[in-house]
Amino acid sequence: MTQANELLKRLHEKSPGGFAIGLHIQFTTPRYFFQSYDREWFEIYSGRGLLLHDPIVRWGFSGEGTVRWSALAEMDDMGVLTQAADYGMRYGVAISVVRGNSRSIAGFARPDREMTDIEIATLHRDFRALHDETLGMLVLSPDIHETLRQMSIYLTHG
């Protein structure tokens, strides 16, 4: 579990505008969910039911690899990315990983500029590693559940 914690911390550090990570998604529900976006934005996003309209999520279910948010503008018919920009998430990258018969999707944001190709490649590498590290965690011990819960609280409220 230490490796997963370290990967989450690195991903958090590389996303100054925050992130949302859904690991091992079945139907539309991730086995693990971590987010560090602005709390007010997350409440608006949840309250308005924007998940199914989010171009990051829509692309993540149909694609694999990485894509800058700016390339998803045509898919943003509900203005989700435009609304997110009002909360400091102006630029970002979506990443979708499919390995071991499991899909994980994430969005990573910056407030100030597009991410470089090297930054995107590093996020992709670390996100794939997190996907792989948590893939075999079908049955978790209470200690691991508590560690994941604490990490989620830290990222959401930290």
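The values are calculated or read from the model by the stated rules, or taken from the named source; none is laboratory data. What you see is a predicted model, and the numbers here were worked out from it, not measured in a lab. Counting neighbours? That spans all protein chains shown, and the Cβs are built from the backbone with ideal geometry, glycine included. All accessible areas refer to the heavy atoms of the entire protein, side chains included, with ligands and DNA or RNA removed. Shrake-Rupley method; radii C 1.70, N 1.55, O 1.52, S 1.80 Å.
Taken residue by residue, segment 61-77 has no member that is part of a loop (DSSP other than H, G, I, E, B) and closer than 22 Å to K9 by Cβ.
Any idea how many residues of segment 1-15 are part of a helix (DSSP H, G or I) and either touching an Asp or Glu at 6+ places or on another chain (Cβ under 9 Å) or touching a residue at least 40 places away in the same chain (Cβ under 8 Å) (or both)? Residues that pass the stated criteria total 8. Among the criteria (1) under 15 Å from D126 (Cα atoms); (2) in contact with a strand residue (DSSP E or B) (Cβ under 9 Å, 6 or more places away or on another chain), the one Q3 does not fulfil is (2). Pull up segment 70-80, narrow it to residues that are in contact (Cβ under 8 Å) with a residue 24 or more places away in the chain and under 22 Å from E43 (Cα atoms), then point me to the one that is least open to solvent (accessible area, probe 1.4 Å). Taking the candidates together, the pick is V80. Restricting to segment 20-47, name every residue that is open to solvent by 60 Å² or more (accessible area, probe 1.4 Å) and touching a Leu at 6+ places or on another chain (Cβ under 9 Å). Those that are open to solvent by 60 Å² or more (accessible area, probe 1.4 Å) and touching a Leu at 6+ places or on another chain (Cβ under 9 Å): T28, R31, F33. Taking G49 as the residue in question, decide whether it is more than 25 Å from H131 (Cα to Cα) and outside any helix (DSSP H, G or I). In short, yes. Does any residue of segment 99-113 turn out to be among the polar types (S, T, N, Q) and at positive phi? The answer is yes; a qualifying residue exists. Being of a type in the set (V, I, T), part of a helix (DSSP H, G or I), surrounded by fewer than 20 Cβ atoms within 10 Å (Cβ to Cβ) and modelled with pLDDT of 95 or more holds for only one residue in I144, I153, I118, and it is I118.
Restricting attention to segment 86-115, the residues being closer than 12 Å to S15 by Cα and at pLDDT below 95 number 1. Screening the candidates V67, V57 for the property of being among the β-branched types (V, I, T) and touching a residue at least 40 places away in the same chain (Cβ under 8 Å) yields one hit, V57.
Within segment 81-102, identify whether any single residue is closer than 25 Å to T134 by Cα, open to solvent by 60 Å² or more (accessible area, probe 1.4 Å) and not in a loop (DSSP other than H, G, I, E, B), and answer yes or no. Checking segment 81-102: at least one residue is closer than 25 Å to T134 by Cα, open to solvent by 60 Å² or more (accessible area, probe 1.4 Å) and not in a loop (DSSP other than H, G, I, E, B).
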